[in-house]
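A short write-up of the structure that comes next.
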């Protein structure tokens, strides 16, 4: 088990390194840097001005060197600019450059600063992640019980009318991407023209003070898309368990149907959905990006869009590290959980 | 002219879609008549769910094709008419000339364009990209997934690592990194296209070579045809350098195409690999090995045909997923031109005024929903029927 865990950890690290390098390389391509210089400086810069601007700020070093500096394994640059000002990667505003550390990268806990929000990347990500965490918590609270109940109800009597209608519901929900269901839900429940006006069409106020009125629609929109898939998996696994020998035995010895479902079938039927739920979390991340943009909820997904639109290199790297770690950890948990839940499988 | 009532709008739309109804009726009549001779496709008509799904998908395919042939749309999807901005469905077109359609059936959007015609034009955008992008993703996934499972070992480790790497990327981040004008300027999408589009060619060549290498005359003929046609298409599509000048691919469409293929192929790879790992332990594979067949013959002519059931089902589901991805791209305003009538962009434009005007955003949203739903139902029907043999 320990060796398995260590190997997985190694693969995780390697994946994270490769991914961040790809993001780093793509964001540091010359046209992207040029766009960055023009948005930070001014839009009418000549090509020479762009080159000096970038050169003075260390952007024109080779990509592996820059990546090493970001990672913290190479010393941060100190460049005496053509305008006479000396700039360094590790210089802190207002502090004496002499005191600046040589290394400042992710390994030293310095995530750099965002060029769009003019703030530390680590603090931006912390606040935004907390907001998205709130959203995700309610999504999971709504989604998992609803999906499991729908799946179990559909799967316990395969082919019945309940099964047929619930299956159609879950197919419809998997076929509705967030930007479609969000638009329809806003139109029905929040539109000031013809809608029911039960909820608010924007979740900006939910960032400080989340109420049922301003927070339900975004939560429901994300939960809806993920729900169908989990429900279908639960249904399949429940239907399979219900045909097993031990269920028939329980029936023959006269156990009531409710007891069979709850005591005999449910535990075995929930193994497969568990892994599906864990693997669904990275997918929810996509939904989060769309829903936060649609409802103007300024969380992690919204930050990703802002960072990507403005080629905010260090923020984008921070965002990708976080999302990659989320993806890999959920994969790990789902593997380990599967082993724990299913005695027939052992780690080797 | 009077504004149309709700019933009149419905009737007018149904009448406008007449070619589609005729097409649907013809296909269904013929298929039901000859279903016993049509294999898996014919069996689809035994399951109600599958039939409904097929009807919805066929409806959109026919709408897209007839729309592209200019048999359906009432107005030019890009034309703006004065005084029609954000007008409600059924508003008569102000100052309509003779021969022009007199109403905006589903109203006008915020640039005073006809919503109905844009939805029809948007169907063509989806139908001409999604199935082909999915097909390409399958070619890539199959060509890499089969050897990874068959040979195993280091090849498998490396390919699986790369696949997991791409899958660990949040899709939207990947789109933002690949589908921007700046990245297009560096030419990276073209190189990616050059690599990805090579796979169908490799696939076809290996497919024929492994089967017919004992009959050189036949093999040479097949290979020559494949290579000539394939390379011609390849040059035209990937490099935009068709020597005859017939095939060309708009550069911004190419980027979207490449991004979608790139996102889809690792999942296909994993599915193919999983299926092949299972099938390669079967007796008929061992028999082929004993006969002395080559590894590619076994992979492509023994393993692949036996994995076709799950692959066909996944193909339908994946077209739906690709449709969703295309919509996501449009929703974030990536890739396609801002004027493009595709459903994602239209939803994105419509959502900004959603609290006041519903009609520009709802029709494309419902269209996308129904197409994906149709594909999912179709996949469900196929799964049911293929499990039955």
Query raised in the report: Has the range B:187-203 got at least one residue that is in contact with a helix residue (DSSP H, G or I) (Cβ under 9 Å, 6 or more places away or on another chain) and within 9 Å of chain A (Cβ to nearest Cβ)?
Result: yes
**Report entry** Enumeration of residues in the range A:166-188 that are part of a helix (DSSP H, G or I), under 24 Å from the mean Cα position of the chain (by Cα), facing chain B (nearest Cβ under 7 Å) and more than 12 Å from residue B:377 (Cβ to Cβ)
**Finding:** A:179, A:180, A:183, A:184, A:186
**Report entry** When residues of the range A:294-334 are limited to those that are more than 21 Å from residue B:166 (Cβ to Cβ) and at the interface with chain B (Cβ under 8 Å from one of its Cβ atoms), the one modelled with the lowest pLDDT
**Finding:** A:311
**Report entry** Filter result for residue A:315 (part of a helix (DSSP H, G or I) and touching a strand residue (DSSP E or B) at 6+ places or on another chain (Cβ under 9 Å))
**Finding:** yes
Query - the range A:189-202, subset at pLDDT below 75 and touching a helix residue (DSSP H, G or I) at 6+ places or on another chain (Cβ under 6 Å), residue nearest to the other protein chains (Cβ to nearest Cβ) - result: A:201
Report task. Only residues that are under 13 Å from residue A:319 (Cα atoms) and in contact (Cβ under 8 Å) with a residue 60 or more places away in the chain: list them for the range A:107-141, please. Result -> A:111, A:112, A:113, A:114, A:121, A:122, A:124, A:125, A:128, A:129, A:132
Report task. Tell me, yes or no, whether the range A:278-290 has at least one residue that is assigned by TED's automatic domain parsing to the domain that holds residue A:217, assigned to a helix (DSSP H, G or I) and more than 27 Å from residue A:177 (Cα to Cα). Result -> no
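Pull up the range A:25-43, narrow it to residues that are under 26 Å from the mean Cα position of the chain (by Cα) and not in a helix (DSSP H, G or I), then point me to the one that is nearest to the other protein chains (Cβ to nearest Cβ).
A:29
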Query raised in the report: Which condition does residue A:229 not pass, out of (1) within 10 Å of chain B (Cβ to nearest Cβ); (2) under 29 Å from residue B:348 (Cα atoms); (3) surrounded by 18 or more Cβ atoms within 10 Å (Cβ to Cβ), if it passes all the others?
Result: (1)
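Can we say residue B:313 is closer than 21 Å to residue B:268 by Cα, at the interface with chain A (Cβ under 9 Å from one of its Cβ atoms) and touching a helix residue (DSSP H, G or I) at 6+ places or on another chain (Cβ under 6 Å)?
No; evaluated as a whole, the condition is false for this residue.
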Query raised in the report: Could you list, in sequence order, the residues of the range A:64-81 that are assigned to a loop (DSSP other than H, G, I, E, B) and at pLDDT 75 or above?
Result: A:72, A:73, A:74, A:75, A:76, A:77
Report summary line: Across the range B:221-250, the tally of residues that are surrounded by 12 or more Cβ atoms within 10 Å (Cβ to Cβ) and outside any loop (DSSP other than H, G, I, E, B) stands at 17
Report summary line: Expected single match for in contact (Cβ under 8 Å) with a residue 40 or more places away in the chain and assigned to a helix (DSSP H, G or I) among A:293, A:275 is A:275
Requested in this report: Pull up the range B:146-180, narrow it to residues that are closer than 24 Å to residue A:327 by Cα and not in a helix (DSSP H, G or I), then point me to the one that is nearest to the other protein chains (Cβ to nearest Cβ).
Outcome: B:170
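Determine whether the range A:136-143 contains at least one residue that is over 23 Å from the mean Cα position of the chain (by Cα) and not in a loop (DSSP other than H, G, I, E, B).
no
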Report task. Please work out if residue A:13 is more than 14 Å from every other protein chain (Cβ to nearest Cβ) and free of Cβ contacts under 8 Å to residues at least 12 places away in the same chain. Result -> no
Requested in this report: Identify, from the list B:343, B:296, the residue that is surrounded by fewer than 20 Cβ atoms within 10 Å (Cβ to Cβ) and either closer than 19 Å to residue B:136 by Cα or in contact with a helix residue (DSSP H, G or I) (Cβ under 9 Å, 6 or more places away or on another chain) (or both).
Outcome: B:296
Query raised in the report: Before we move on, is residue B:379 within 8 Å of chain A (Cβ to nearest Cβ) and assigned to a helix (DSSP H, G or I)?
Result: no
Query - Output for the range B:114-140, where each listed residue is modelled with pLDDT of 90 or more, more than 28 Å from residue B:81 (Cα to Cα) and touching a helix residue (DSSP H, G or I) at 6+ places or on another chain (Cβ under 7 Å) - result: B:130, B:131, B:133, B:134, B:136, B:137, B:138, B:139, B:140
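Select from the range A:91-109 the residues that are closer than 26 Å to residue A:49 by Cβ and assigned to a loop (DSSP other than H, G, I, E, B) and write down the one among them that is modelled with the highest pLDDT. Let's see the steps before the verdict.
Restricting attention to the range A:91-109, the residues satisfying the condition of being closer than 26 Å to residue A:49 by Cβ are A:91, A:93, A:97.
So of that shortlist, the ones also assigned to a loop (DSSP other than H, G, I, E, B) come out as A:91, A:93.
Numbers: A:91: 75, A:93: 67.
Restricting to residues being closer than 26 Å to residue A:49 by Cβ and assigned to a loop (DSSP other than H, G, I, E, B), the top hit is A:91.
Looking at A:160, A:113, which one is away from every other protein chain (no Cβ under 14 Å), at pLDDT 80 or above and over 25 Å from the mean Cα position of the chain (by Cα)? Give the steps one after another, and end with the answer.
Details: A:113 fails: over 25 Å from the mean Cα position of the chain (by Cα).
None of the other options fit; the residue is A:160.
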Query raised in the report: Of the residues that make up the range A:248-271, is at least one buried (at least 23 other Cβ atoms within 10 Å of the Cβ), under 20 Å from the mean Cα position of the chain (by Cα) and part of a helix (DSSP H, G or I)?
Result: no
Query raised in the report: Where in the range B:1-92 are there helices (runs of 4 or more DSSP H), lying wholly inside it, with at least 2 residues that are surrounded by fewer than 15 Cβ atoms within 10 Å (Cβ to Cβ)?
Result: B:6-16, B:18-33, B:39-43
**Report entry** All positions within the range B:318-344 that are more than 10 Å from chain A (Cβ to nearest Cβ) and touching a residue at least 40 places away in the same chain (Cβ under 8 Å)
**Finding:** B:318, B:319, B:322, B:326, B:329, B:335, B:336, B:337, B:339, B:340, B:341, B:342
Requested in this report: Being within 7 Å of chain A (Cβ to nearest Cβ), under 20 Å from residue A:177 (Cα atoms) and either touching a strand residue (DSSP E or B) at 6+ places or on another chain (Cβ under 8 Å) or not in a helix (DSSP H, G or I) (or both) narrows it down to one of B:358, B:369, so name that one.
Outcome: B:358
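The values are calculated or read from the model by the stated rules, or taken from the named source; none is laboratory data. Note that this is a predicted model, so its numbers are computed, not measured. When we count neighbours, we look across all protein chains shown, and the Cβ atoms used for this are built from the backbone with ideal geometry, even at glycine.
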